[in-house]
Every structure is written in C-alpha cells, then in structure tokens.
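Student: Please see the structure below; I have some questions.
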Amino acid sequence: MMSMVLANLKYILEEDLDGTEDCRPSSSMVGKQLGKTPGTSSTGSKKPEHYQAKGVGYGHEGNTSQFNASEYLAAQRQRDAEIEILLEKILSQITEFDYSYIGEEGACGEDEAVDDHGQVFDILEDQGADAGKMSVRELQVVLEESCLVPFLEQHLRDSTIMDMMKRESMFQVMLTLIKEMASHEETLSLVGPLQFQKQSIYDLIAPMTQQAQLYSKAVAAKSSRNTPEAELAKLIVETHQVIKSAMLKSPDHKDDFTRQQGAPGETQKMSGVDDEWQKLAAEYVAVLEPLRLDEIGDDEFEGHHYPKPEENQSATKLHRVAGEVITMGTCLPVEFQGMSIYVRAHEERMDWMKVLIIGPEGTPYEDGCFEFHVVLPSNYPTACPSCNLETTGKGSFRFGPNLYACGKVCLSLLGTWRGSAGESWNHETSSLSQLFISIAAIVMTDDPYYNEPGCEREAGTSEGQARNQGYANIVRYGTVKYAMLDQILNPGKGFEEVIHQHFRLKKHKILQNLTKWADESRENKPPAQYTGHTQSHNATLAPKFAQGKYSEMVCHEIAQLTEALETLE
C-alpha cells in the first residue's frame, strides 16, 4: 500500500534524524575547543579523567564504549536494503501510473486524496480497472503530503559522492526514482523549488554533477572497466540533466527555475563567527573555498617526503582514490574561525598528495599553516595511508606529542599508535577526509601536554596545568616562527595562493591574537613550567624559556611576523 510504504519511509527518516550519532568527524568541534565542557579552560579548571578524544592513542584508556565498525556496517546494509525495497515499490508504481486518468467527474475535490468514506487510494495494489483507481491529482496530493521529498532531501544533503558510491545500490534506486519523477509534468514540482524549501532536490544534485563528471573522467583515463560506481556517477549527471531540461520545458516551472538560477543568494549570518568578523569571514570563504582541491605537477612535488608511486594501480584503489579526492573538493572545511584544509594531488597520480592544514582557533596552532605529505600504498584502502609533517623547522621543532620533529604523525588511523579496533584504520569506514580532520581536530589540541602517555593523570593539578601551559607556549613560538612567518616568506609549493589569501584576509584577526599572546608572555599568565615531557620534547628551547626568555623570543618573532603581515595586500 502506498500509505504503508510512505509511513515506513517516515519512520526511517525520523530514526535517521533522532537515532545513533553520526560517526564522521565534524569540523564544528574545532574552534569550540575540542574536549572542553562549559566552564573549563586550557589552563585553569580541572579536566575530567580520560577526557581526551579517541584516536590520538594518548590519554584514552578505553573507559567508554568502542565503535564497532562491523556491527555498524551490517546495520547500515540492512537499513539500506529496507529503504531500497520501499523506493523500488514507489518507483514501480510511479513508472506504471496512468497519468491520463484525471478521475471521475465530481468524485473528488481538487485538494482531496480520499473519498467520502475516508478511503485511502492505493497505487501499490491492483484494485481493478476502475475500483479505487487513483487520479493524477490524488497521486500529487499523496506524494506532496508524504515524507518522500524530505526523505530524499536528507539523504542527498548528508551524503558525499564517496558516501553514495559506498552505498551505490540504494542510491541507484533513489536517483532513478528522482529521474522518473522529473520525467512527468505531474510530479516534476516535487524535485524543483518548493515554497519554503531552502534547497530543492535539484539544488542538492547540481553540485554533485561536477564531482561525478570529474570522477568519470579520472577513472576513464586510467581504466576501461565499467563498475557500479562509474554507473552511479553517470546516473547523477543524467538525473541532473533530466530535471534541468524538464524544468526549462515546463510552462509551469520555467519562470520559477530561471528566476531561482539567476537570483543572488540570500546573505546569511555565518555560524560560529563573531559579529565583528562576519563580512570578512564571508569573503574569506568565498575566496578560499575554490582553492580546497587542485592538481599539480612534478615541479610542485619536488622535495616530496615520499617517492612518486610507480606501480600500476588496481581498479579497486583507482576508483576509491578518485572518489575520495574529488569528494574533498567540497567536503573539507574552510572556516574563518575554526580550521581549514587544502589538498594538492599529483596530476598523474592522485595517490600522491600534499595537504595544508590551518591550525584551529583557540589552540596554540591557531592560524598556522602546517604542510603534510601523503602517499597511499598499493593495497589502499585495505592498508592505511602514510603521512609526514613537513613544517618542523627543517627537523628542529616538535609541535606536540603526536607531531615529531622528524615529521612522524602519531595517530591510530595511521597505524603509528596502537588503538582499539574502532580507532584504527578501517577500509570501509575510514577515509582521507577523516584522517585530515582528525589531525586538525584531535592532534592540534589546545592542551598538547596531556596527549603524552601518562600525562593525562596530571590534568587538574597545578603542576600539570603549568607544564601544559609551558608546552603550549613552545607550540605558540613554533607556530609564529615556522607555520606563519616562514610560510609567508617561503610558501609551500602548490599552496602559494592559499597561504597568501589566508594571511591577507585574516591579517587583522591574526594581529589581534598575536597581541594577546605577547601580553600573556610578558605577564607569565597563566604560569608556565618547562619540566618533564615539556622539556624533553624540545630540549633546546625549554631551558631558555625556563630562564625567562620566552617572552623576549616570542615577541621578537611576533614583531617580524607583524612586519610581514603589514606588507600583504
């Protein structure tokens, strides 16, 4: 029954919205100081025991429930199979529906979908030639008043191209249904702009089209094999074209569609941005979002930490890498107050790349530009990526317990720290985007000292707070000297425009923060100690800072950085 199918969809939609937590990392955690609770600070009040986020491998002893990837995937497959069956039933009946039947004269009012006896019309049952046959208007009302459109919207809004390819069977049916709805004038309005709708189904599919085209191009150049993922990419493009063509041909929808395409977007207040920075933040995002992803050549990869891969890529690796890299062009964060991530893949080998992470706000890494070099093994995604930090003052500076002076990045996702099954790399649930966001959100914390094994026990003690402040001071110094000043003077190859625009557009905010750091260094507030692991991780700087030279040295670097910032236009 149509009513039963749509009721099941409503149940699934509500469960999706109110059910289990989204396992994907969110950039919104950064800038709100990950791991904090209201009333805490990076140096003052007591931290809860084992407060550190999972994944770093430090300070977490498994006292909370673990994410079971196998159970999660099994549940998702079961759920997708149920959704697919429901969507196939709706697709079948919409395809076979008699659109010429307008109903018996006077049988139903214009806005009614039931008869005088309260009968619900059912297009999923064969009730004979005339008995209970649903008219076109009744079909429209049933679909409009159902949860079908919100259900489709939610899955398109919350899914990237990579997500869709991992669940291609369900999305094949979903897109085929949308394409069929767009093929009929009577149901076309459901996929186009509706009153009070922020984004129509067409609006949600449109940006995916370019990604799907790039994916198809990248895969076709390397492999002639036709795969379900390639078919899905083709279907995304076809669905977009069918909707657009139908809208332009429809006398009832052409004007609305044309007006919507040409109308300037409504300016909305940017979430997580202070009022004083709203205008600048909008410009920052507008300028830098298009620079999230690019392909570069051998010249820009000169001096890369890892040699260029030479082996022939398997079809599995090729399709996975193409999907992930292209998805990063729209899903990586670019935030004025938060963090930003930019990727440069080699034009011939997408499995060889460079990544620039802008340090999260509220941490000693704030607004620094940290370059990482990445290579994917031949058996990717079964095996995890390799990743090395290059912003280390030529191997002289350690940016934290997880970020070694040699460039090693200590993280369970990279296999460089023992983690539980839920924290380690999983070829079905883990991704490059997750890795890069984890480095920014989990490794680049406001309390670096507590990420060292055993040091979390000192959280909440006066000695632990002082050592943590000492570690944060060292990281601040390195951020100013190596991740800001050096990057302005000698920007990483392939990231020149990103680095220039980042510092140009955030100049005044950065100067404001540098003034705060300089003032705190002179006052030694909060008080800092340079002992224990704070000393051992940076044995050259820690003794100097312990002798009271921190303020002098960091203020010297801040003065040089200020001069460099003032020259940017």
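Student: Pairs needed: first member in the range 132-160, hydroxyl-bearing (Ser, Thr, Tyr); second member anywhere, modelled with pLDDT of 85 or more and open to solvent by 20 Å² or more (accessible area, probe 1.4 Å); C-beta distance under 6 Å; at least 6 residues apart or different chains.
Tutor: Filtered contacts from the range 132-160: Thr160/Cys331.
Student: Considering the range 377-415 alone, what residues qualify as being closer than 20 Å to Val475 by Cβ and open to solvent by 40 Å² or more (accessible area, probe 1.4 Å)?
Tutor: Hits for the range 377-415 are Glu390, Lys394, Gly395, Ser396, Tyr404, Cys406, Lys408.
Student: Being surrounded by fewer than 19 Cβ atoms within 10 Å (Cβ to Cβ) and either at pLDDT 95 or above or not small (Gly, Ala, Ser) (or both) is the filter here; which residues of the range 534-545 pass it?
Tutor: Result: Thr540, Pro543, Lys544.
A quick yes/no check of all residues on (1) within 27 Å of Ser536 (Cβ to Cβ); (2) over 27 Å from the mean Cα position of the chain (by Cα); (3) small (Gly, Ala, Ser):
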position: Asn402; (1), (2), (3): yes, no, no
position: Arg457; (1), (2), (3): yes, yes, no
position: Gly470; (1), (2), (3): yes, yes, yes
position: Ile474; (1), (2), (3): yes, yes, no
position: Asn490; (1), (2), (3): no, yes, no
position: His500; (1), (2), (3): no, no, no
position: Lys509; (1), (2), (3): no, no, no
position: Thr515; (1), (2), (3): no, yes, no
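Student: Among the residues of the range 139-162, how many are under 29 Å from Ala322 (Cβ atoms) and either open to solvent by 20 Å² or more (accessible area, probe 1.4 Å) or under 15 Å from the mean Cα position of the chain (by Cα) (or both)?
Tutor: 9
Student: So, in the range 87-107, of the ones that are more than 22 Å from Glu153 (Cβ to Cβ) and among the aliphatic types (A, V, I, L, M), which residue ends up modelled with the highest pLDDT?
Tutor: Checked the range 87-107; the qualifying residue modelled with the highest pLDDT is Ile102.
Student: Which numbered condition trips up Lys308, out of (1) open to solvent by 50 Å² or more (accessible area, probe 1.4 Å); (2) within 27 Å of Gln268 (Cβ to Cβ)?
Tutor: (2)
Student: A follow-up question, please. Does any residue of the range 508-525 turn out to be buried (at least 19 other Cβ atoms within 10 Å of the Cβ) and under 30 Å from Trp417 (Cα atoms)?
Tutor: The answer is no, given that none of the residues of the range 508-525 is buried (at least 19 other Cβ atoms within 10 Å of the Cβ) and under 30 Å from Trp417 (Cα atoms).
Student: What are the pairs with Cβ atoms under 6 angstrom where one residue, in the range 86-101, is open to solvent by 50 Å² or more (accessible area, probe 1.4 Å) and the other, located anywhere, is not in a loop (DSSP other than H, G, I, E, B)? Sequence gap at least six, or different chains.
Tutor: What qualifies is Glu88/Val173; Lys89/Val5; Thr95/Glu180.
Student: Residue check, Thr176 against (1) at pLDDT below 90; (2) open to solvent by 10 Å² or more (accessible area, probe 1.4 Å); (3) among the hydroxyl-bearing types (Ser, Thr, Tyr), all met but one. Which one?
Tutor: The one condition Thr176 does not meet is (1).
Student: Check Tyr365 against each of (1) open to solvent by 10 Å² or more (accessible area, probe 1.4 Å); (2) not in a strand (DSSP E or B) and name the one condition it does not meet.
Tutor: (1)
Student: Hey, another quick one. Please pick out the residue among Pro264, Pro290 that is at pLDDT 90 or above and open to solvent by 50 Å² or more (accessible area, probe 1.4 Å).
Tutor: Pro290
Student: Let me ask something else. Scan the range 480-487 and tell me whether some residue there is of a type in the set (A, V, I, L, M) and touching a Ser or Thr at 6+ places or on another chain (Cβ under 6 Å).
Tutor: Yes: the range 480-487 contains one or more residues that are of a type in the set (A, V, I, L, M) and touching a Ser or Thr at 6+ places or on another chain (Cβ under 6 Å).
Student: Being modelled with pLDDT of 95 or more, open to solvent by 60 Å² or more (accessible area, probe 1.4 Å) and not in a loop (DSSP other than H, G, I, E, B) is true for just one of Glu302, Glu276, Glu283. Which residue is that?
Tutor: Glu283
Student: What helices (runs of 4 or more DSSP H) lie completely within the range 456-568 and have 3 or more residues being within 17 Å of Asp367 (Cα to Cα) and in contact with a Phe, Trp or Tyr (Cβ under 7 Å, 6 or more places away or on another chain)?
Tutor: So the answer is 462-478, 550-566.
The values are calculated or read from the model by the stated rules, or taken from the named source; none is laboratory data. These figures come from a predicted structure and were not determined experimentally. Here the Cβ is made from the backbone with ideal geometry for all residues, glycine too, and neighbour counts use every protein chain on show. Heavy atoms of the whole protein, side chains included, go into the accessibility calculation; ligands, DNA and RNA do not. Shrake-Rupley method; radii C 1.70, N 1.55, O 1.52, S 1.80 Å.
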